[in-house]
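A.B. asks: The structure is given below, and queries will be raised subsequently.
The values are calculated or read from the model by the stated rules, or taken from the named source; none is laboratory data. Remember, it's a predicted structure, so these values are computed and weren't measured experimentally. Cβ coordinates were reconstructed from backbone atoms using ideal geometry, including for glycine residues, and neighbour counts include every protein chain displayed.
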Amino acid sequence: MIIFLIDYNTYIKLLIFTMRVLKILLFICFLIIWNRVYSNDYFYTSSNLNSYESNLSELSSWRSYLARVNFILWKYSNNNDVLLKFHNKIIELKTNIETKSIDYSDDVVNLIYYMDLKVYFLLVDLWEMHLWEDEEIKEDIIYPWFWDEYNDSEKNITAWNDFTIMSWKTSSRYESVDVWTVTFYIEGVDAQNLKYSIDYANLYFEWIFISKISSSDIKILSSNKVSLTFENLEDFIVPQKEVSFRLWIKAKSIWYERIWKTIKDVRVTSVNISEAVWVNSWNNINAFTTTISVEWFSIVPWIPVVSVINDLNNSTVVKLNISWEFWDSKIDLNNSKPKIEIKKLKFSVYDNSNTATFRLVNTDNTGDSIIWVINWTILEFDLSAMNEVNKTITSWKWEDYEIFISNTDRWLSLNLLKDGLTYDVLWVSWADNLNINMNNSISLWYRDF
């Protein structure tokens, strides 16, 4: 009768110790059962889920890992943030599988697809419990507004031409979303004039036309902000995979007494989804606005075009041709075309000696030249001192320039920057100090002098 041979305090301590040991043993038993019996989890009702799980269960080396994954997902089954982190990581792994950028073994592939379905069912369960009413979750239904490198550069649109001013990629988290109304907000110093400078705007899904609005549908919200609203959409479906959408505009011509000035530096700043429903459940989704980052665009009467005649790969002298791209732009009742006056040319330079001297010459008048010594990595020619006739482009005349390089005996490279040509369109209001805004810089190669 041990109980009568020890005092009460010792008895209590022994009892507590025994309970702790039993608790540890029970937990170990739980893990063993969890590792061997997966069918107890109610999420395994999907045939696909059972298939992936069965494939993994046959691999003894993955059984303990799978048990750990199941335990973590069970522990955080009501934590939206943790599940979404799992979801995002799985998307990354699935992309590796689909693009074959990483050669996973079959067992790893099975595990990834198993976790993908598991997390999906958990998220659906959360939404069935109406956690989506939470403001923080609601605004992430259509996510994320993936950055598209197309938006990463400023753009010029010639009058009477059409252009994509914004491209973006997106997907839906839980199930496909049917968007009925979407509004784009455009801001800039001269945004209010867009109503009179845009002929119409189109919305595209993966290069398929969805909807069109005219200039009369553009609303002026303030002097520096307008909105473009596309309503009653039928094919704006955001699936659970990444897809692309484009906002495309057709600019009006810049005519005499019609549009008096160029539209400079405006951009899309946000997108509002005001009417949308889940495709399967048809439950409404609350309206939300997403702020986005897109570079500026301008509507201009003319755009210079730079062509390379000689580069450093085949000559010690660089030769460039500067012509024009214009559409239906007029400056008077006689349908006269405007002129372009080149103001600056800007290059990026790598000069191993940092002593090079550059001379810009108009080939029609070699006596009219500009000499410039490199300032570290930027070479900028200011053509203000050059005679007007040697820096003016018209509808019947272009200019050729040569760049002579001296005072260097080292390796040197030269590139015309994307915004490396600044110009004025003469006799058109607000058309001064425009940048060419090319899609890419122009490589003029390199040479060891």
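A.B. asks: For the range 292-326, how many residues are of a type in the set (Asp, Glu) and closer than 24 Å to residue 150 by Cβ?
C.D. replies: Result for the range 292-326: 2.
Results for (1) assigned to a strand (DSSP E or B); (2) within 30 Å of residue 116 (Cα to Cα), shown as yes or no for each residue.
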site	(1), (2)
157	yes, no
160	no, no
167	yes, yes
171	yes, yes
193	no, no
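A.B. asks: For residues that are surrounded by fewer than 14 Cβ atoms within 10 Å (Cβ to Cβ) and assigned to a strand (DSSP E or B), tally how many sit in the range 431-449.
C.D. replies: Adding up the residues that qualify gives 1.
A.B. asks: Residue check, residue 391 against (1) closer than 16 Å to residue 358 by Cβ; (2) of a type in the set (Lys, Arg); (3) in contact with a strand residue (DSSP E or B) (Cβ under 6 Å, 6 or more places away or on another chain), all met but one. Which one?
C.D. replies: Among (1) closer than 16 Å to residue 358 by Cβ; (2) of a type in the set (Lys, Arg); (3) in contact with a strand residue (DSSP E or B) (Cβ under 6 Å, 6 or more places away or on another chain), the lone unmet condition for residue 391 is (1).
A.B. asks: In addition: Tell me, yes or no, whether the range 375-382 has at least one residue that is surrounded by fewer than 17 Cβ atoms within 10 Å (Cβ to Cβ), out of contact with any strand residue (DSSP E or B) (no Cβ under 9 Å at 6 or more places or on another chain) and within 23 Å of residue 310 (Cβ to Cβ).
C.D. replies: The answer is no, given that none of the residues of the range 375-382 is surrounded by fewer than 17 Cβ atoms within 10 Å (Cβ to Cβ), out of contact with any strand residue (DSSP E or B) (no Cβ under 9 Å at 6 or more places or on another chain) and within 23 Å of residue 310 (Cβ to Cβ).
A.B. asks: Can residue 209 be described as at pLDDT 90 or above and not charged (D, E, K, R)?
C.D. replies: yes
A.B. asks: Could you check, for the range 212-233, whether at least one of its residues is surrounded by fewer than 16 Cβ atoms within 10 Å (Cβ to Cβ), at pLDDT 90 or above, of a type outside the set (Phe, Trp, Tyr) and on the phi > 0 side of the Ramachandran plot?
C.D. replies: yes
A.B. asks: Could you identify the single residue in 394, 366, 422 that is among the hydroxyl-bearing types (Ser, Thr, Tyr) and crowded, with 19+ Cβ neighbours inside 10 Å?
C.D. replies: Just a single option satisfies the conditions, and that option is 422.
A.B. asks: When you check residue 272 against the structure, is it more than 22 Å from residue 438 (Cα to Cα) and without any contact (Cβ under 8 Å) to a residue 24 or more places away in the chain, yes or no?
C.D. replies: Spelling it out, it is not the case that residue 272 is more than 22 Å from residue 438 (Cα to Cα) and without any contact (Cβ under 8 Å) to a residue 24 or more places away in the chain.
A.B. asks: Tell me which residues, restricted to the range 408-449, are aromatic (Phe, Trp, Tyr), touching a Leu at 6+ places or on another chain (Cβ under 9 Å) and farther than 17 Å from residue 155 by Cβ.
C.D. replies: If the condition is that a residue be aromatic (Phe, Trp, Tyr), touching a Leu at 6+ places or on another chain (Cβ under 9 Å) and farther than 17 Å from residue 155 by Cβ, then 445, 446, 449 are the ones that fit.
A.B. asks: Which residues, counting only those in the range 239-252, are out of contact with any helix residue (DSSP H, G or I) (no Cβ under 8 Å at 6 or more places or on another chain) and modelled with pLDDT of 85 or more?
C.D. replies: Within the range 239-252, 245, 246, 247, 248, 249, 250 qualify.
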